[in-house]
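Asks: This is the structure I want to talk about, given as structure tokens.
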Amino acid sequence: MMVKTLPQVHIETFGCQMNESDSELVRSLLKQEGFGFTEDRERADVVLVNTCAIRENAHTKIYSHLSELKALKKHRPLVVGVLGCMAQNLKNELAEKEPLIDVLAGPDSYRQLPRLLTSALDAQEQGLRQKAFALDLSEYETYENIMPDRNDGVNAWITVMRGCDNFCSFCVVPYTRGRERSRDPESVLLEARDAATRGFKQITLLGQNVNSYRHGQWDFAQLISAVADQPGIERVRFTSPHPKDFPPTLIKAIAVHPKICKHIHLPLQSGSDRILEMMGRTYTGTEYLALVDRIRSIVPDVVLTTDIICGFCSESDADFQATAHLVERARLDSAYIFKYSERKNTIAARKYVDDVPDQLKGQRVAKLVEIQRAVTAERNRRYIGKAVEVLVEGDATRSSTQGMGKTDGNITVVWDKNTGHSEPGTLMTKHIFDASAATLYGE
Ligand code: SAH
Ligand code: SF4
Ligand code: F3S
């Protein structure tokens, strides 16, 4: 009897944690239908690329990656599938211009992948060229009953809501991931228990607008507390929230529950009220600072991080100064700072002119990075001489004689293993003797 070997799939993931989580879903969906997976691209029958569309440089990176696959496909049969936000966003361009691509599937269409890939593999065997697309966005799909096939490590991602209804004017996400929808809390808790029994020590709840979670009577404060109550889970994190959805009950839950990490990512985007209004962010700089103060008064040792965009449409020197001033004033623990990148079809692309020269955007980013770096270094120095609890993740990236873990506030701690080390997933106490803007050094 001829035994047909399982088609081997290799998946590569770009973009945010939600894509990481989606790739785990895709793996689970395909394994259920008899596909195998390989880490080795050279041995794969199918290569899937899970893509991001958030800024133009995300597109550029993926295009250059696709040209590598083109070279590979010259020498042997290979089915190429492009998934994720860029697939959804650039469907027409990709479908027409990229002969390389056999399958395109957007974030709400992954249940169709086994069928699409099987038919692409069959077509290839018969020497036919065929393209298959699944790009409908859904108002309901939450992949609720699919247990993800998780990557090893200490952390388990759990996507609790999908999509985004905020339509910040600069942002492509509402177009790539569709309308907001939340999962049944019971299915989230089931996943959390499953992750705990598989030995994951940390859970990160995910959604593009995670704290606007709502399902029946359940809001995000209740959900995160219930997840943190699951036995075996040491830490619960969440990303990414919007500043508009921080009711006192949520701040309180973070303050009182010992397993909920005292780290809040609080995307600011700009410190200029005029720009915030154009962005559609629904708060002013003053309101943002008031929220920061309120959070700090209820969660005293909280670590706050942020995202900022420089060079949004019509941003003047005065607008930029307002952002710089707010960053100095807020003294957040760290920030991701981006150059504004116009995304097709967004509100900003339709209504405003992308008129800040690229070079000036770059200068503003560099200036803000410098300001924040000094603030971060100062914030990190407050740990010197103190003991912190770390969740061990493994070896430090620079050297295998050093261990690495994260504080509750998600700050990286590095130590010499000969001063005390333990397996990934254990909690250890480290005494901090030095700190830079990126790392705490402990023993
Ligand atoms: N849901 C999150 C953000 C998701 S995108 C939130 O509401 O904050 C992550 C970050 O990318 C954003 O916070 C923003 O700072 C940045 N970003 C989004 N669109 C961008 C664009 N068009 N150009 C530059 N940066 C952008
Ligand atoms: Fe984008 Fe705004 Fe939604 Fe965040 S809240 S994903 S920035 S539209
Ligand atoms: Fe990118 Fe989509 Fe995430 S655009 S940042 S992969 S939601």
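Asks: Within region 254-266, restricting attention to residues that are open to solvent by 10 Å² or more (accessible area, probe 1.4 Å) and not in a strand (DSSP E or B), which residue is nearest to ligand 2 (Cβ to nearest atom)? Working first, answer last.
Replies: Quick first cut of region 254-266, residues open to solvent by 10 Å² or more (accessible area, probe 1.4 Å) only: 255-259, 262-263, 265.
Narrowing the set further to residues that are not in a strand (DSSP E or B) leaves 255-259, 262.
Details: ALA255: 24, VAL256: 27, HIS257: 25, PRO258: 29, LYS259: 26, LYS262: 23 Å.
My answer is LYS262.
Asks: On to the next question. For LYS259, indicate whether it is in contact with a strand residue (DSSP E or B) (Cβ under 8 Å, 6 or more places away or on another chain) and either more than 21 Å from MET18 (Cβ to Cβ) or among the polar types (S, T, N, Q) (or both). Walk me through how you get there before you give the answer.
Replies: Details: in contact with a strand residue (DSSP E or B) (Cβ under 8 Å, 6 or more places away or on another chain): yes; either more than 21 Å from MET18 (Cβ to Cβ) or among the polar types (S, T, N, Q) (or both): yes.
Spelling it out, LYS259 is indeed in contact with a strand residue (DSSP E or B) (Cβ under 8 Å, 6 or more places away or on another chain) and either more than 21 Å from MET18 (Cβ to Cβ) or among the polar types (S, T, N, Q) (or both).
Asks: If you scan region 160-187, which residues turn out to be out of contact with any strand residue (DSSP E or B) (no Cβ under 7 Å at 6 or more places or on another chain), part of a loop (DSSP other than H, G, I, E, B) and open to solvent by 30 Å² or more (accessible area, probe 1.4 Å)? Working first, answer last.
Replies: Residues of region 160-187 out of contact with any strand residue (DSSP E or B) (no Cβ under 7 Å at 6 or more places or on another chain): 164-169, 171-176, 178-179, 186-187.
Those still in the list that are part of a loop (DSSP other than H, G, I, E, B) too: 164-169, 171-172, 178-179.
Of everything in region 160-187, those that are out of contact with any strand residue (DSSP E or B) (no Cβ under 7 Å at 6 or more places or on another chain), part of a loop (DSSP other than H, G, I, E, B) and open to solvent by 30 Å² or more (accessible area, probe 1.4 Å) turn out to be ASP165, ASN166, PHE167, ARG179.
Asks: Given (1) at positive phi; (2) away from ligand 2 (no atom under 16 Å from the Cβ); (3) open to solvent by less than 30 Å² (accessible area, probe 1.4 Å), where does PRO148 come up short, assuming only one miss?
Replies: Every listed condition holds for PRO148 apart from (1).
Asks: With LEU78, LEU66 as the choices, which residue is under 30 Å from SER169 (Cβ atoms), open to solvent by less than 10 Å² (accessible area, probe 1.4 Å) and either more than 16 Å from ligand 2 (Cβ to nearest atom) or of a type in the set (Lys, Arg) (or both)?
Replies: On the way: LEU78 fails: under 30 Å from SER169 (Cβ atoms).
Only one candidate qualifies: LEU66.
Asks: Okay, moving on. Between a first residue in region 272-296 that is among the aliphatic types (A, V, I, L, M) and a second residue that is open to solvent by 80 Å² or more (accessible area, probe 1.4 Å), which pairs have beta carbons less than 8 Å apart while being 6 or more apart in sequence or on different chains?
Replies: Partner pairs satisfying both residue conditions: LEU289/ARG329.
Asks: Pull out all pairs, ordered by first then second residue, where Cβ-Cβ is under 8 Å, the residues are six or more apart or on different chains, the first lies in region 156-179 and is at positive phi, and the second is in a strand (DSSP E or B).
Replies: Correct list of pairs: GLY163/ARG181; GLY178/ARG162.
Asks: Of all residues in region 327-355, which are in a helix (DSSP H, G or I) and either among the small types (Gly, Ala, Ser) or within 20 Å of the chain's Cα centre (by Cα) (or both)?
Replies: Narrowing region 327-355 to residues in a helix (DSSP H, G or I): 327-330, 347-351.
Residues satisfying the conditions are ALA330, ALA348, ALA349.
Asks: Filtering region 49-60 down to residues that are away from ligand 3 (no atom under 11 Å from the Cβ) and open to solvent by 20 Å² or more (accessible area, probe 1.4 Å), which residue is farthest from SER169 (Cα to Cα)?
Replies: My answer is THR60.
The values are calculated or read from the model by the stated rules, or taken from the named source; none is laboratory data. On a predicted model such as this, the values are computed, not experimentally measured, just so you know. Because the Cβ atoms are built from the backbone with ideal geometry, glycine has one as well, and the counts that use them run over all protein chains shown. The protein model used for the area step is the full one, side chains on, heavy atoms only, and it has no ligands, DNA or RNA in it. Shrake-Rupley method; radii C 1.70, N 1.55, O 1.52, S 1.80 Å.
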